[in-house]
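Peer 1: Got a structure here, written out as structure tokens. Questions coming.
The values are calculated or read from the model by the stated rules, or taken from the named source; none is laboratory data. All values reported here derive from a predicted model rather than from experimental measurement. Backbone-built Cβ (ideal geometry, glycine too); neighbour counts: all protein chains shown. When the accessible area is computed, the model is the full protein with side chains, heavy atoms only, and any ligands, DNA or RNA have been set aside. Shrake-Rupley method; radii C 1.70, N 1.55, O 1.52, S 1.80 Å.
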Amino acid sequence: MSARYSAAIIGGGDIGHAHAEGYAAHPDVELRAIIDPVEAARRQFQREYGIPEAYASVEEFLATGRPDLVSVCTWHPLHAPLTIAAAGAGARAVICEKPMATSMGEVDAMIAACEGSGTTLLVSHQRRFTPGWERARELVAAGVIGEVLTVEARGVQGLLNVGTHLIDGLLFISGEPAARWVLAAVERETERFERDTPIEDRCMLLAELDGGAQLLVQQDLPSARGMASPVGAGMALRFTGSDGMLEASEFFVRVFSADSGGWRLDLSLEQVDTIGGRANGRQVEELVAWLEGGPEHRCSARRARQTTEIMMAAYESARRHRVVPLPLQETGYPLAAMIAEGGLPPTVPGAYDIRAFLHRDGIDEERYAQLRATGMGHHEIMAALAGVPGRRG
Ligand SMILES: NC(=O)c1ccc[n+]([C@@H]2O[C@H](COP(=O)([O-])OP(=O)(O)OC[C@H]3O[C@@H](n4cnc5c(N)ncnc54)[C@H](O)[C@@H]3O)[C@@H](O)[C@H]2O)c1
């Protein structure tokens, strides 16, 4: 092998493809192994990316020796145990998918395990590499809207799922301020899950950031007026400052200030994928640079910890009916605790998972292959086979 780093992907599903594309984009990385209990997934990854080794279990893979770069691309409950297992085997770096974990206890155990083994840990908030978010961060840092007073976003499909990207983007663009406290409201009328994790039907969270700005996230709330991007889909974020306003998604930035002459839309940005080769490729590139002595990665575990803490504090705030100061003391998953304590009795019984359609066991693999041959993405194919609307995230 001539590459300086070998990589392995645990979880050959939708986001596993983005990690494979990201590794393929780096000349010093060879994607060596795919780990997935589903044989069709292993075969597909080996075929599509020329991966030489495939394993049905993480234990089997880790028994082969010390791994270099490991991507954890499974559903949320496995993020912490698999990251800790990879660190235990001496991995040089782990890129764990978002959300980092579903409790601060898990988050801190992941960080401790990685510190103990000298493993560099990232969390894949790869939208930080999109041109809209990067330009917005530059403009806010340059003071085009003055002092930041309020940062806000609206999302769908769960706080842990999409909300983690929204909070991460708001913090990234406003210069990574720490949060001081969180106050939140949570509704769970149905027994809603997302990737094996109980989630809310709707929630709204307000946090105060260092410097005094407020962060507001509305998740799954019915709203007549969204924050839609003027140039296509994307996660729209809004920043209000003492001297103006800025709106951004991964694809656009527009500014309203005293000298902008109304809304000034920046149309020079590349319209790139938010997931996949380019964003994930740059994520890998910055990781290799960090491993070789470069600056802290923009998706470091330290940064993802802050986002996860805000989400966990939101659930804890709803559980306790009060403002929750940070650092958060609760180490469990407060939403699950609230459900167990009877604090969120469902009025519509019947558990369902909004990502159940991603289960590959038992699908029509022949039809899958036909759709894949047309260039469709994995997530879209799985949604089509299940007859549900697919929205990646
Ligand atoms: N960063 C992003 O923009 C983004 C986008 C989509 C998904 N995600 C995250 O990626 C994670 C995976 O989501 P997905 O949509 O790719 O799911 P998926 O269901 O498409 O893929 C998960 C894969 O993991 C495999 N798997 C299950 N148990 C395993 C085990 N013990 N060892 C190895 N493999 C195992 C499954 O067979 C499946 O192939 C989630 O946590 C999700 O939040 C992130």
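Peer 1: Of all residues in region 1-17, which are closer than 18 Å to A89 by Cα, within 13 Å of the ligand (Cβ to nearest atom) and aliphatic (A, V, I, L, M)?
Peer 2: Restricting attention to region 1-17, the residues satisfying the condition of being closer than 18 Å to A89 by Cα are 5-11.
Checking which are within 13 Å of the ligand (Cβ to nearest atom) leaves us with 8-11.
The answer is A8, I9, I10.
A quick yes/no check of all residues on (1) outside any loop (DSSP other than H, G, I, E, B); (2) away from the ligand (no atom under 16 Å from the Cβ); (3) in the same structural domain as D14 (by TED's automatic domain parsing); (4) at positive phi:
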{"position": "A351", "(1), (2), (3), (4)": "yes, yes, no, no"}
{"position": "G362", "(1), (2), (3), (4)": "no, no, no, yes"}
{"position": "Y368", "(1), (2), (3), (4)": "yes, no, no, no"}
{"position": "L371", "(1), (2), (3), (4)": "yes, no, no, no"}
{"position": "M376", "(1), (2), (3), (4)": "no, no, no, no"}
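Peer 1: Would you confirm, using the coordinates I've provided, whether L209 is at negative phi, in contact with a Pro (Cβ under 7 Å, 6 or more places away or on another chain), modelled with pLDDT of 95 or more and hydrophobic (A, V, I, L, M, F, W, C)? Give the derivation first.
Peer 2: Details: at negative phi: yes; in contact with a Pro (Cβ under 7 Å, 6 or more places away or on another chain): yes; modelled with pLDDT of 95 or more: yes; hydrophobic (A, V, I, L, M, F, W, C): yes.
The answer is yes for L209.
Peer 1: With the checklist (1) farther than 23 Å from H19 by Cα; (2) open to solvent by 70 Å² or more (accessible area, probe 1.4 Å) in hand, flag the one item P346 doesn't pass.
Peer 2: (2) is the only condition that P346 fails.
Peer 1: E48 - would you say it is more than 11 Å from the ligand (Cβ to nearest atom), open to solvent by 40 Å² or more (accessible area, probe 1.4 Å) and closer than 15 Å to V284 by Cα?
Peer 2: no
Peer 1: Of all residues in region 18-41 being under 16 Å from G377 (Cα atoms) and touching a helix residue (DSSP H, G or I) at 6+ places or on another chain (Cβ under 7 Å), which is nearest to the ligand (Cβ to nearest atom)?
Peer 2: Among those residues, the one meeting the criterion is A18.
Peer 1: Could you identify the single residue in A318, A279, A313 that is under 17 Å from A178 (Cβ atoms) and either crowded, with 20+ Cβ neighbours inside 10 Å or assigned by TED's automatic domain parsing to the domain that holds T120 (or both)?
Peer 2: Unique residue meeting the criteria: A313.
Peer 1: Only residues that are in contact with an Asp or Glu (Cβ under 9 Å, 6 or more places away or on another chain) and over 19 Å from H321 (Cα atoms): list them for region 190-213, please.
Peer 2: T190, R192, F193, E194, R195, D196, T197, P198, G211, G212, A213
Peer 1: Within region 71-96, how many residues are more than 11 Å from the ligand (Cβ to nearest atom) and part of a strand (DSSP E or B)?
Peer 2: Step one: of region 71-96, the residues more than 11 Å from the ligand (Cβ to nearest atom) are 80, 83-84, 86-94.
Checking which are part of a strand (DSSP E or B) leaves us with 93-94.
Total satisfying the criteria: 2.
Peer 1: Take E152 and tell me if it is under 18 Å from the mean Cα position of the chain (by Cα), more than 17 Å from P99 (Cβ to Cβ) and in contact (Cβ under 8 Å) with a residue 24 or more places away in the chain.
Peer 2: Working: under 18 Å from the mean Cα position of the chain (by Cα): yes; more than 17 Å from P99 (Cβ to Cβ): yes; in contact (Cβ under 8 Å) with a residue 24 or more places away in the chain: yes.
So E152 passes the test.
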